[in-house]
Amino acid sequence: AAKRQLSGALRYDPALDLASAQTLSLLTELRRAVEHNELRLYLQPKLALHGQPGLAAEALVRWQHPQRGLVAPMHFIPFAEQTGFVRQLTLWIFEEVARLLAAQEARHLPLRVSVNLSTRDLLDPELSTRLAAILARHGVQASAFCLEITESAIMDDPQRAEAMLNRLSQQGFKLSIDDFGTGYSSLAYLRRLPVDELKIDKSFVMGMQAGEDDAMIVRSTIELAHNLGLTVVAEGVETAAILERLRTLACDEAQGYHIARPLPVDDFLAWQARQG
Ligand code: C2E
Ligand code: CA
Ligand code: CA
Ligand code: CA
């Protein structure tokens, strides 16, 4: 109960004025978190359901707070987005992943990693240059990365988002639409974007168990993605039954607690080694 209360105290309240003392102190804490190496890279495996089982994962951040313990992203990502701090966080994650990819390539264990981008990142004219500098520093290829962007981040400023996505795609990054089905983007619009992957939101995947509506949405999304020539990933796979159903529906990749939770890097590498 005590732990709950403490993380509750961190929860960002959008009703708070950005200049309030509480907000400033959270911003100070986040800056310190980066300086004092309190952020942690977690990786959640993405399982290929057909054909070549290439090794892939999604990068998810955690905050190892000296007093509060391991803090989940929902407690600080919205705040980081609001203040623009998320751009620094994205670069930190990206660099950690680049370092890992370089190490894995040296061991001949190539890995593909998905990194989440926020609206702020997408609208930052410096993003592509900064990412290129990190790639060069670690000697890794853009094609080892998939950048996940939500529909709502794109629809915030569709023209600027489209220009940035074209640039990132030309740089060699794979692009994925995250939380697909929860936003308000039109398909006609999405079709114009240089996207490689659709990621079906976990609410539909988790709902497959109970409701035929969700199962129908998942099935249609898989067909839609394939008709558009895109790879499709289901997130939030919590049961063996749903995993089997997705396989039958020809879904390409799956991610979820049934396969593995997001893991610290060392645990992820051990998990991967056990898969043989
Ligand atoms: P997301 O990008 O949609 O990430 C998927 C979330 O679903 C993760 O939560 C993951 O732990 C969780 N998840 C995975 N499998 C299952 C499952 O089977 N069942 C259920 N119920 N949940 C599952 P997490 O790590 O707490 O992250 C929450 C959100 O925070 C992410 O949603 C993403 O929007 C944001 N986030 C996390 N890390 C980063 C980051 O490095 N940068 C940015 N910009 N956002 C991040
Ligand atoms: Ca994601
Ligand atoms: Ca998602
Ligand atoms: Ca989400």
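See the values below:
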{"read-out": "Residue selected from the range 190-220 under the condition within 16 Å of ligand 2 (Cβ to nearest atom) and assigned to a helix (DSSP H, G or I), by the criterion nearest to the chain's Cα centre (by Cα)", "value": "K202"}
{"read-out": "Subset of the range 253-275 [part of a loop (DSSP other than H, G, I, E, B) and under 15 Å from L60 (Cβ atoms)]", "value": "Q255, G256, Y257, I259, A260, R261, P262"}
{"read-out": "Test for A57: is it within 12 Å of ligand 1 (Cβ to nearest atom), among the small types (G, A, S) and surrounded by 20 or more Cβ atoms within 10 Å (Cβ to Cβ)", "value": "yes"}
{"read-out": "Single residue of the range 175-196 satisfying the filter (over 15 Å from A161 (Cα atoms) and charged (D, E, K, R)) that is modelled with the highest pLDDT", "value": "D196"}
{"read-out": "Test: residue in the range 75-88 that is in a strand (DSSP E or B), touching a residue at least 60 places away in the same chain (Cβ under 8 Å), away from ligand 4 (no atom under 16 Å from the Cβ) and surrounded by fewer than 20 Cβ atoms within 10 Å (Cβ to Cβ)", "value": "no"}
{"read-out": "Boolean, P110 is out of contact with any Ser or Thr (no Cβ under 9 Å at 6 or more places or on another chain), surrounded by fewer than 18 Cβ atoms within 10 Å (Cβ to Cβ) and under 30 Å from F204 (Cα atoms)", "value": "no"}
{"read-out": "Residue list for the range 198-229, restricted to those being at pLDDT 90 or above, surrounded by fewer than 22 Cβ atoms within 10 Å (Cβ to Cβ) and away from ligand 1 (no atom under 16 Å from the Cβ)", "value": "A215, M216, I217, R219, S220, I222, E223, L224, H226, N227, L228, G229"}
{"read-out": "Meets criteria (more than 25 Å from A132 (Cα to Cα) and small (G, A, S)) for S176", "value": "no"}
{"read-out": "Flag if A250 is in a helix (DSSP H, G or I) and either modelled with pLDDT under 95 or more than 19 Å from L60 (Cβ to Cβ) (or both)", "value": "no"}
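The values are calculated or read from the model by the stated rules, or taken from the named source; none is laboratory data. Nothing here was measured: the structure is a model prediction, and the numbers come from that model. Note: ideal-geometry Cβ built from the backbone for every residue, glycine included; neighbour counts use all protein chains shown.
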